[in-house]
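Novice: Please read through the structure below; I'll follow up with questions.
Coordinate-derived values only; no laboratory data. Since the model is a prediction, treat every value here as computed from it, not as a measurement. Note that each Cβ is placed from the backbone with ideal geometry, even for glycine, and that neighbours are counted across all protein chains shown.
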Amino acid sequence: MAAATAVALAVGLAPGAPALGASPLPLGDADLVEARTTQTLARGVTLTRITRGTEPAPADQINTTTRGPWVVNVLTIDPRRARGHLAATYGPNLGQVEPTTELVRSAGALAGVNASFFTFTANPQYPGDPVGLGIFGGRLLSEPTTDPAEVNLVVDAASDKVLMGRLSWTGTVRNRRTGATLPLEFLNHPPVVPAACATLADQTRCGVSGDVVEFTPEFGPATPAGAGVEVVLDRHGCAVRTATTRGTSLAAGQKSLQATGQEAAAVLAITASGCLTRTVTLRDAEGDRVDLRPGLFGVNGRYPLTADGRIVVPAGTGSFFARNPRTIAGVTGDGRIVLATIDGRQTTSVGTTMDETAAVAHALGLRDAVNLDGGGSTAMSVGGALVNRPSGGTERAVGDALVYIDSPWRGGHH
């Protein structure tokens, strides 16, 4: 992938390899006291807690102090020694949210961190809907966006590889009898009714472009309801029912096409007779195809932190680039996987700017690293317990999580 590499996890640690990020973290003043404690969680898996600075920050100086303190939790997996695998999980369904600790527990995992950016308050009915890539057990359930800030982390639990970089996708449905094709715009995202046609119950009368979205049973108990059309397809791509409003339940193996705006008529036409073949292609930034094979899991982040051992985080202003709690995922040059959290917005741990986050990733030895969802979402769970302190005082429910399961990959979607 462009601006990133495919790293073979099986490389593992060379004999006598140095401890992870042995030098002090480049945060705040050079004279700050830094303490580290490391515990072994399982063979090849460790948890290191780093505290830098000893005095609580004045509440009005959290965003500016050079005295800290900072609290960083670092989960390190050495794949050559570890028995298990890394995966991603979204819980019972894609549209809803669960705390990271519950996602880790329900996946039967030893540990994990929150992962993707998700809809949250933008769509209260489906808050867990990923804002970007979501691959689970080889199934692309949420497409990468065209947002240049999005960066993706893909894990192959079966072949032990990690990929980092920007992905793109195309999706189409084709009528096998007529040859007619129609592009898919989204996967498992509620379509938008064009504002100009918001009062039209019959969207086929709309002359303004809307959305075409494929839904799968993983989205939730029912597909989004509203104006538009919906056609349910069986496992062979043949229409089993058609409705001129949206919202239905899908059985295992079924999918549906929802459409709003002028695309509503197009969906009715392409499904009127004959069955559909659906094609989805995922590519890296260089245009190479990413094979959606079993064991593949993928989540979305916002901005790369390091690439090929260099800090690459872009300059920026505003609240996102200021000090916040952070969640980091990356791979070291010798093949170890690192999941880390930095607590923030508290007098006991002030958080990091994007520049500071990249500096921490670099200091931890991460050759390639991405910035996952942070803020109130930042959480790390180990052995069923929360090991960091969320900024909101209690753990936030999130869309998905990266989890380490201490057993070999045997298939499944998590």
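Novice: In what order do Trp70, Trp169 fall by count of nearby beta-carbon atoms within 10 Å, going from fewest to most?
Specialist: Details: Trp70 25, Trp169 18.
Listing Trp70, Trp169 from fewest to most nearby Cβ atoms yields Trp169, Trp70.
Novice: With a cap of 14 neighbouring Cβ atoms within 10 Å, and only residues DSSP puts in a loop, list the trypsin sites (Lys or Arg not before Pro) found in the stretch 344-414. Don't skip to the answer; put the middle values down first.
Specialist: Details: sites: Arg345, Arg367, Arg396, Arg410; in loops: Arg345, Arg396, Arg410.
Passing sites in the stretch 344-414 are Arg410.
Novice: Moving to a separate point now. Could you list Thr248, Thr199 so that the one with the fewest beta carbons within 10 Å of its beta carbon is first and the one with the most is last? Can you show the working numbers first?
Specialist: Working: Thr248 18, Thr199 8.
Lowest count first: Thr199, Thr248.
Novice: For the chain, what does the helix formula give at 222 nm: sum of -39500 (n - 2.57) over DSSP H segments with n ≥ 4, over the residue count, nearest 500 deg cm²/dmol? Walk me through the numbers before you get to the answer.
Specialist: Working: 3 runs with 25 residues, N = 414.
Mean residue ellipticity, 222 nm, calculated: -1500 deg cm²/dmol.
Novice: Moving on. What's the extension gain from Arg83 to Thr146 if we count 0.36 nm per residue and subtract their Cα-Cα distance?
Specialist: Numbers: separation 63, 0.36 × 63 = 22.68 nm, distance 3.66 nm.
So the extension gain works out to 19.0 nm.
Novice: I need the peptides 257-264, 191-198, 104-111 ranked by packing, meaning the mean over residues of other C-beta atoms within 10 angstrom, with the highest value on top. Provide the component values of the computation, followed by the final result.
Specialist: Details: 257-264: 26.0, 191-198: 16.9, 104-111: 21.4.
Those peptides, ordered most packed to least, come out 257-264, 104-111, 191-198.
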